[in-house]
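K.L.:
Pasting a structure below so you can have a look.
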Amino acid sequence: MRLFVSEGAPGSLPVLAAAGRAQGRAELLISTVGPEECVVPFLTRPKVPVLQLDSGNYLFSTSAICRYFFLLSGWEQDDLTNQWLEWEATELQPALSAALYYLVVQGKKGEDVLGPVRRALTHIDHSLSRRSCPFLAGETESLADIVLWGALYPLLQDPSYLPEELGALHSWFQTLSSQEPCQRAAETVLKQQGVLALRPYLQKQPQPSSLEGRLVSNEPEEEELATLSEEEIAVAVAAWEKGLESLPPLRPQQNPVLPVAGERNVLITSALPYVNNVPHLGNIIGCVLSADVFARYSRLRQWNTLYLCGTDEYGTATETKAMEEGLTPQEICDKYHVIHADIYRWFNISFDFFGRTTTPQQTKITQDIFQRLLARGFVLQDTVEQLRCEHCARFLADRFVEGVCPFCGYEEARGDQCDKCGKLINAIELKKPQCKVCRSCPVVKSSQHLFLDLPKLSQTSSVLLCYQLAARVEEWLEKTLPGSDWTANARFIIRSWLRDGLKPRCITRDLKWGTPVPLEGFEDKVFYVWFDATIGYLSITANYTDQWEKWWKNPEQVNLYQFMAKDNVPFHGIVFPSSALGAEDNYTLVSHLIATEYLNYEDGKFSKSRGVGVFGDMAQDTGIPADIWRFYLLYIRPEGQDSAFSWTDMLFKNNSELLNNLGNFINRAGMFVSKFFGGFVPEMVLTSDDQRLLTHITLELQHYHQLLEKVRIRDALRSILTISRHGNQYIQVNEPWKRIKGGEADRQRAGTVTGLAVNIAALLSVMLQPYMPTVSATIQAQLQLPPPACSILPTNFLCTLPAGHQIGTVSPLFQKLENDQIESLKQRFSGGQLEESLALKAKASPKTAAGLTTAGPQQIQALTEEVTKQGNIVRELKAQKADKNQIAAEVAKLLDLKKQLALAEGKPLETSKGKKKK
Amino acid sequence: MAAAAELTLLEKSLGLSKGNKYSAQGERQIPVLQTNNGPSLTGLTTIAAHLVKQANKEYLLGSTAEEKAVVQQWLEYRVTRVDGHSSKDDIHTVLKDLNSYLEDKVYLTGYNFTLADILLYYGLHRFIPRSLDV
């Protein structure tokens, strides 16, 4: 068969991808024709791509060609795929060809291009998230995915046309784009020129007819309410009526929590934060907070749950910090461990245990795993050239060396990278190297190190079982990944590591602060953190209970969920599993690896050194409650793609979603009970409309469960907001405040509406518990929700507040965030606050203090004068009632000057209290 | 002919006794079928293929990979080109192309009657002058 294509014809994308995916391109002849050439004899208008079959017949529909390739590979047709392809042909293509025409031929941008397709994109996103399937027609990628991916790729490969809020679409698109057949098709068709590669073809095409009218619509997709079957309604109503009685008994609290045979045993870890850094918001959402939501959810499901974390304390960075602050490494760890623990406590993180890695258990378990690897021949020795300072009598880690950059001649290049030219440097290549501690010149010495032999060749071993570690890891991954909930980015990272081949990994370092290596000749070395940090989970569990092996050597009974940011994926997905598989001790390996993307701060990155962004310890000084922080961070959780923290957006989400939507609904529901019914839940006589609402809420609740079971934390939060929106609408339409003044029937109706509404509020309080535990408890106290209903979230919407139930005192849940409050916070965290924080937390170590107090008295004098001057300018402007922006700009200058002054004087900066007067 | 009526007609010709109810969605009145044991199905050709399977007449969807692809190609043609035509000229082109395609064929797949013939017939019905409609 022969495929006819044309340069820049978008249809080639799905066709080539499908050919690569299903057919094996070898048997396929490809001819390139001009865009106006008529290949198919019976068609008046030119059409490519076209597949000429061996029978002589032609396939001129892109989808039909793709379908044919899939059919040849043994795939069978199904309704859902048919539906997607029909939708693609009738809805997506007209919209898409309009968008591409605007973009490529007319050179339009932004909303002009996105407008026509937004609705179609939303439809795909909703379908993906509603069904909670990674792919359009099921658990594996298939025809529908390839056809839609190919259609969308030219537009969506430019991230600005992939709306941020469409998370499900985003991860679907990313997953497909990373697959080899798709990648190759994209390279062939777009030739790395992006969408412009389509120009020569699209220019020759007639203007798409869809441009003329009907399909070009900016309307957002209306809240699509599923059509309900009688049966669904009957089931939902029956469940509702059973009420509290249908709740299972509460499982008793155990201490310690241990796996129970026959139960769902969920072990949750979040990446161990490095001890000497105060975590910023991105660290918090990436690990501990995400894992906390899942742990709380898991407990609401009555799953047997253990959630652990702790500080990662060994390594060079701790040694450096200790030297800077004039403390011992242990003292540094003790100090910062407390800072970490306090921050997480403030954020209400529900660890069962928050431990640390510098414990005897860590040494014992790490050395045991090492001995087993050594005994099985998985460790090899090699020599590494390193700089050694003879004066300090130690090998120098990269960050302890400075010298002249071998590339650009910059004088203060670091041992790993030059700050001036940005090039990566191998420390031994530095010219005139200096030990940063004693300033003497180090010498190049070779040092013996141990390596984990990942690609160990099987023939070198005589023992049959001893096949290479890399093969074991791959085999394990092949078994684990399908059907698991590993996030798409984690799968992608793991796949590319495997594709590039696993190399031997050095597992030792010339340091003192670490787990000692139990081998002759290695007495002055320790294990490299990435070998033993992940073992920290085991040792932390061992410090929690001496029966830790019931969790960690029990792969059959334990479901291990590990949460982290994506940079940690290789250590959890390959390195630790290699050690554990090589140790052959039946270790529990990660079942679901949940990795987030990165959270940015406003338009840039969080930066410790520039003091940009909000760090864990500062969040509590803002006066904004922990639950609001949790809500907003979870709302923007970088799930599937990077996201950014924005103060303005936080204000907006707080005021719209929390205050006006959720808070308003719950408060009104409770107030109606108090005001109209004396605090007692009224009788409810459900009409068919009420039953339908009840069923919609049941379905949304089930959707929430599906999402959280797949750890789609951000998406599940939307279900909560959707339910409260339904609730608000319900109250608005039925107007109980009017009906209560009417006749008997009206009053009864007011009662039913109020009763159903307050039960929805009760349901929301439980669904909210993983996200906002304090608010959840407040609602439950206000409604006097019976204890079992507070701790269990069933899959059906139950009547948990039956008629006659007395509620407590209702009061508003949320506070409005004001513009000026947010502006001043934005100002405060926009840079340069680092010193403030360090000064407060670390009481300025001798070294940093020395660095900061170089300012002489004249400079301090000059700054003081400037501060006074600027202060007068601001006061004058305020007195004149000048333009707000102008004042803000001058205030910013003033704050900046004050900050400089504080730094020069070596004093902690006063926090701005100016706005509190209001 | 409205899509729902067309599908009801198809049910009859397939010998399906229990008639389904169809709702219509959106501006273009796309038919929706609520199935008993699964999610709803949307779209004329999707539902038609579903009915064919329900009637155990899968052969109407084609027997070989090639036939199956050809059937789906013409079903797509029906909903995009025939239903989606924007002018008289468009329809003229459609009729001309089909005529030239069918010159050496009995049915759209060659010699086997399939769902593509049924739906294309339904779709073209309104454009064919009465004298031909026997």
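The values are calculated or read from the model by the stated rules, or taken from the named source; none is laboratory data. Being a predicted model, the structure only gives us computed values, none of them experimental. FYI the Cβ positions are ideal-geometry reconstructions off the backbone, even for glycines, and counts take in every protein chain you see.
K.L.:
Can you report the number of residues in the stretch A:56-80 which are aliphatic (A, V, I, L, M) and either closer than 18 Å to residue A:9 by Cα or not assigned by TED's automatic domain parsing to the domain that holds residue A:147 (or both)?
P.N.:
Here is the first cut: in the stretch A:56-80, the residues aliphatic (A, V, I, L, M) are A:59, A:64-65, A:71-72, A:80.
Pick out the ones that are also either closer than 18 Å to residue A:9 by Cα or not assigned by TED's automatic domain parsing to the domain that holds residue A:147 (or both) and you get A:59, A:64-65.
Within the stretch A:56-80, residues that are aliphatic (A, V, I, L, M) and either closer than 18 Å to residue A:9 by Cα or not assigned by TED's automatic domain parsing to the domain that holds residue A:147 (or both) number 3.
Residues checked against (1) at the interface with chain A (Cβ under 10 Å from one of its Cβ atoms); (2) surrounded by fewer than 14 Cβ atoms within 10 Å (Cβ to Cβ); (3) touching a helix residue (DSSP H, G or I) at 6+ places or on another chain (Cβ under 8 Å):
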position: B:8; (1), (2), (3): no, no, no
position: B:47; (1), (2), (3): yes, no, yes
position: B:53; (1), (2), (3): yes, no, yes
position: B:56; (1), (2), (3): no, yes, no
position: B:59; (1), (2), (3): no, yes, no
position: B:69; (1), (2), (3): yes, no, yes
position: B:80; (1), (2), (3): yes, no, yes
position: B:87; (1), (2), (3): yes, yes, no
position: B:94; (1), (2), (3): yes, no, yes
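K.L.:
Let me ask you something else. Check whether at least one residue in the stretch A:687-710 is of a type in the set (Phe, Trp, Tyr) and in contact (Cβ under 8 Å) with a residue 40 or more places away in the chain, and report yes or no.
P.N.:
Looking only at the stretch A:687-710, we keep the residues that are of a type in the set (Phe, Trp, Tyr), and these are A:704.
If we keep only those that are in contact (Cβ under 8 Å) with a residue 40 or more places away in the chain as well, we get A:704.
Within the stretch A:687-710, one or more residues are of a type in the set (Phe, Trp, Tyr) and in contact (Cβ under 8 Å) with a residue 40 or more places away in the chain.
K.L.:
Then there's this: Has the stretch A:647-658 got at least one residue that is in a helix (DSSP H, G or I), under 34 Å from the mean Cα position of the chain (by Cα), over 30 Å from residue A:166 (Cβ atoms) and not hydrophobic (A, V, I, L, M, F, W, C)?
P.N.:
No, every residue in the stretch A:647-658 fails to be in a helix (DSSP H, G or I), under 34 Å from the mean Cα position of the chain (by Cα), over 30 Å from residue A:166 (Cβ atoms) and not hydrophobic (A, V, I, L, M, F, W, C).
K.L.:
Have a look at B:102, B:119, B:98, B:108 and point out the one that is under 20 Å from residue A:83 (Cα atoms) and within 13 Å of chain A (Cβ to nearest Cβ). Let's see the steps before the verdict.
P.N.:
On the way: B:102 fails: under 20 Å from residue A:83 (Cα atoms); B:98 fails: under 20 Å from residue A:83 (Cα atoms); B:108 fails: under 20 Å from residue A:83 (Cα atoms).
Matching residue, one of B:102, B:119, B:98, B:108: B:119.
K.L.:
Residues in the stretch B:23-32 that are more than 9 Å from chain A (Cβ to nearest Cβ), assigned to a strand (DSSP E or B) and surrounded by fewer than 21 Cβ atoms within 10 Å (Cβ to Cβ): how many?
P.N.:
Summing the residues that are more than 9 Å from chain A (Cβ to nearest Cβ), assigned to a strand (DSSP E or B) and surrounded by fewer than 21 Cβ atoms within 10 Å (Cβ to Cβ) in the stretch B:23-32 gives 2.
K.L.:
Moving on. Return a yes/no flag: does the stretch A:700-719 have any residue that is small (Gly, Ala, Ser), farther than 29 Å from residue A:602 by Cβ and out of contact with any strand residue (DSSP E or B) (no Cβ under 9 Å at 6 or more places or on another chain). Reasoning before the result, please.
P.N.:
Here is the first cut: in the stretch A:700-719, the residues small (Gly, Ala, Ser) are A:716, A:719.
So of that shortlist, the ones also farther than 29 Å from residue A:602 by Cβ come out as none.
For the stretch A:700-719, residues small (Gly, Ala, Ser), farther than 29 Å from residue A:602 by Cβ and out of contact with any strand residue (DSSP E or B) (no Cβ under 9 Å at 6 or more places or on another chain): absent.
K.L.:
Considering only residues that are within 11 Å of another protein chain (Cβ to nearest Cβ) and among the aliphatic types (A, V, I, L, M), look in the stretch A:226-242 and name the one that is nearest to the chain's Cα centre (by Cα).
P.N.:
Residue satisfying both the conditions and the ranking: A:226.
K.L.:
Here's a follow-up. Within the stretch A:328-377, how many residues are among the aliphatic types (A, V, I, L, M) and in a loop (DSSP other than H, G, I, E, B)? Don't jump to the end; show me each part of the working.
P.N.:
Taking the stretch A:328-377 and keeping what is among the aliphatic types (A, V, I, L, M), we get A:332, A:338-339, A:341, A:343, A:349, A:365, A:369, A:373-375.
Still in the list and also in a loop (DSSP other than H, G, I, E, B): A:349.
Total satisfying the criteria: 1.
K.L.:
So residue A:46 passes all but one of these: (1) closer than 19 Å to residue A:185 by Cβ; (2) out of contact with any Leu (no Cβ under 7 Å at 6 or more places or on another chain). Which condition number does it fail?
P.N.:
(1)
K.L.:
What about residue A:148, is it part of a helix (DSSP H, G or I), in contact (Cβ under 8 Å) with a residue 24 or more places away in the chain and under 26 Å from residue A:481 (Cα atoms)? Before the answer, list the steps.
P.N.:
Details: part of a helix (DSSP H, G or I): yes; in contact (Cβ under 8 Å) with a residue 24 or more places away in the chain: yes; under 26 Å from residue A:481 (Cα atoms): yes.
Yes, satisfied.
K.L.:
Considering the stretch A:375-417 alone, what residues qualify as being hydroxyl-bearing (Ser, Thr, Tyr) and under 18 Å from residue A:445 (Cβ atoms)?
P.N.:
A:383
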